[in-house]
Structures are given as C-alpha cells and as structure tokens.
Amino acid sequence: MNLPKPKIYGGYTMKYLICVLTLSMLLVSSVAFAADYVVITNKSNPVTVVSAKEVKNIYLGKQRSWNDGSQVTVYTQTASPVNGAFLKKIVKKSPQQYSTFWKKSLFTGTGLPPKDFPDDAAMKKAVAAKAGAIGYISAASLDDSVKKLDIN
C-alpha cells in the first residue's frame with residue numbers, strides 16, 4: 001500500500017495520525033466485539049461447567065456424549081461473526097481449517113459435520129428444542145431459552 005509521504009507543514013501529519021489511530025481503534029473494538037460469545041446447551045442438560053478441551057473434543061467429533069452418557073448434538077454458525085472467534089479460541093482452528101477438517105471426515109467416512117445455523121436466533125431455537133445440544137451465540141443474545149455453559 002503506497003501512502004502519501006506526510007508533510008510536516010499545514011497540520012497534514014496530525015490529520016494522518018488521527019485517521020490511523022481512529023482506524024486502529026475501530027479494528028480493535030470490532031475484534032473484541034466479535035470475540036464476545038457464550039457456549040450454550042439445552043436447559044435440561046445437567047452439565048453446567050465444561051473444560052475448553054471437552055468443548056474442543058466435542059466440536060472435533062472426538063467426544064460424542066456428555067459425562068452422564070447422553071448423546072451430544074453439535075451445532076455451529078458459520079455465517080455468524082462469533083464463529084471465527086469461537087473456533088480460534090476453543091477449537092484452535094481457523095474457520096477454513098475447521099471446514100476442511102469436516103470435509104475430510106465426511107469424505108473418509110469418519111464423521112458427519114455439525115448442523116449449521118445462520119444466526120443466534122436459529123441456534124437458540126435449535127438448542128432449546130434438542131436435549132443434549134451444544135452451540136454458541138453472541139453473549140448479547142443470551143436469554144433464558146437456553147443455558148450458558150461455563151468453560152474452565
């Protein structure tokens with residue numbers, strides 16, 4: 001990117017600096033906002049706390065049941081802004097890597113990818129309707145239709 005060489009006179013350097021700082025602050029705040037997610041489950045699920053490793057294993061198809069033996073139903077939101085933050089922080093994969101992981105699993109017959117929902121509202125509705133379901137939504141969308149899982 002070729003930026004014009006700042007001029008020392010006429011306040012141009014100050015305007016340039018303010019513009020760069022403003023854009024930087026917007027970028028940082030949008031990244032922080034995108035990372036604001038919660039992991040949810042059905043209200044009937046007795047589980048309230050899970051480890052990050054358990055959630056990672058669930059989302060990678062390595063753990064298919066809760067500690068009480070009941071089946072886990074996994075849901076994702078690939079079109080949601082929280083998707084990237086959740087995958088990077090918990091699953092330790094980029095959205096592209098996660099998609100590739102499930103395409104390989106499907107092709108080799110070792111697993112079926114999670115069901116995908118377009119937004120928080122659809123995710124909450126699905127999780128609320130299925131005992132043992134797990135998903136993630138933006139923290140601002142959390143309500144009493146689902147239960148938040150604490151991650152330790």
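The values are calculated or read from the model by the stated rules, or taken from the named source; none is laboratory data. Keep in mind that what you see is a predicted model, and the values were worked out from it rather than measured. For the accessible areas, the whole protein counts, side chains as well, though only heavy atoms, and no ligand, DNA or RNA atoms are used. Shrake-Rupley method; radii C 1.70, N 1.55, O 1.52, S 1.80 Å.
Things to note:
- Hits among aspartates and glutamates - C-alpha to C-alpha of LYS43 under 17 Å, sequence gap 8 or more where chains match: ASP68, ASP120, ASP143, ASP144, ASP150
- Working note: Karplus 6.51/-1.76/1.60 with θ = phi - 60° gives the stretch 47-64 the couplings 6, 10, 10, 9, 7, 4, 5, 4, 5, 4, 4, 4, 6, 9, x, 8, 10, 10 Hz, where Gly and Pro are set to x.
- Accessible-area order (highest first, 1.4 angstrom probe) of the listed residues PHE107, PHE117, PHE101, PHE86: PHE107, PHE101, PHE117, PHE86
- Most to least accessible of LEU106, LEU87, LEU112 (protein chains only, probe 1.4 Å): LEU112, LEU106, LEU87
- Taking amide H as placed 1.01 Å from N in the peptide plane, the amide H of TYR37 sits under 5 Å from that of ALA139, each at least 5 places away or on another chain.
- Couplings 3J(HN,Hα) of the stretch 146-152, computed from phi: 9, 10, 7, 9, 7, 10, 10 Hz, in residue order, whole Hz [Karplus 6.51 cos²θ - 1.76 cosθ + 1.60, θ = phi - 60°; x for Gly and Pro].
- For LYS93, residues with placed amide H under 5 Å, excluding near neighbours: LYS88
- Ligands, DNA and RNA excluded, the heavy atoms of LEU142 present near 60 Å² of accessible surface to a 1.4 Å solvent probe.
- For the stretch 80-124, carbon and sulfur atoms together expose 62% of the accessible surface, with a 1.4 angstrom probe and every protein chain in place.
- Cross-link check: pairs LYS92/LYS125; LYS62/LYS103; LYS89/LYS147; LYS62/LYS125 evaluated at a Cα-Cα cut-off of 22 Å; pairs beyond the cut-off: LYS92/LYS125; LYS62/LYS125.
- What the stretch 41-95 shows is 49 Å² of accessible area per residue, with the surface traced by a 1.4 Å probe over protein heavy atoms.
- Derived scalar couplings between HN and Hα for the stretch 74-90 equal 9, 10, 10, 9, 5, 8, 7, x, 7, 4, x, 5, 4, 5, 5, 7, 8 Hz in order, rounded to whole Hz, by the Karplus curve 6.51 cos²θ - 1.76 cosθ + 1.60 (θ = phi - 60°), x for Gly and Pro.
- Measuring nothing but how far apart in sequence close Cα pairs (under 8 Å, 6+ apart) lie, relative to its length, the stretch 67-152 scores a relative contact order of 37 percent.
- Cα gyration tensor of the stretch 51-152 - equivalent ellipsoid semi-axes, whole Å, descending: 20, 16, 13
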